[in-house]
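One structure is given here, and the rest of the page talks about it.
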Amino acid sequence: MSEPSNWVTVARRAELPAGQVKGVKVGKQEIALYNLAGELYATDNVCSHAYAQLSDGFVERGQIVCPLHAGCFDIKTGKAVEPPAEDDIKTFPIRLNGDEIQVAVD
Ligand code: FES
């Protein structure tokens, strides 16, 4: 896979402490940013089950727990791992550029 070229700055490093999730928007795309012990990840911020923002949920054992019905997704892969969530969520490339957190969206 080639390196994406459409990086967008969405937050500063200090806004996303370890163990936390933060919701941002790039155009109409809602994205959840995660810091798992210093490693950054990004997924769709909208639950695949009904409408809830995953950034209102909480991070537990590498998973994001949906605030509405407690469905869970693997943060690294976007895989739905706990019902009622069944459909996986999209993940996005994420990187640090100096102090800035950047994601690449289609
Ligand atoms: S809206 Fe997320 S589990 Fe139902």
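Split the accessible area of the chain by element, probe 1.4 Å, and carbon with sulfur accounts for 47%. Would you give the gap between the C-alpha center of the stretch 26-68 and the C-alpha center of the stretch 70-106, rounded to a whole Å? So the separation of the two Cα centres works out to 6 Å. Working from Cα pairs under 8 Å separated by at least six residues, relative contact order for the chain is 27 percent. Structural size metrics of the stretch 13-106, computed from C-alpha coordinates, are Rg and Dmax of 12.1, 39 Å. For the chain, a Gaussian network of Cα nodes joined below 10 Å ranks R13, R61, R95 by mean-square fluctuation, and the top entry is R61.
In the context of the full set of protein chains, residues of the chain present 55 Å² of accessible surface per residue (probe radius 1.4 Å, heavy atoms only). Loop-resident chymotrypsin sites (Phe, Trp or Tyr not before Pro) (DSSP state other than H, G, I, E or B) in the stretch 14-105 with no more than 10 further Cβ atoms inside 10 Å of their Cβ: Y51. Working note: Debye formula, equal point scatterers on the alpha-carbon atoms of the stretch 7-51, no solvent; log10 I(q)/I(0) at q = 0.19, 0.21, 0.24, 0.33 Å⁻¹ is -0.59, -0.70, -0.87, -1.26.
The values are calculated or read from the model by the stated rules, or taken from the named source; none is laboratory data. Small disclaimer: the values here were computed from a predicted structure and weren't measured. All Cβ positions, even for glycine, are placed from backbone atoms using ideal geometry, and neighbour counts span all protein chains on display. These accessible areas exclude ligands, DNA and RNA; they are computed on the full protein's heavy atoms, side chains included. Shrake-Rupley method; radii C 1.70, N 1.55, O 1.52, S 1.80 Å.
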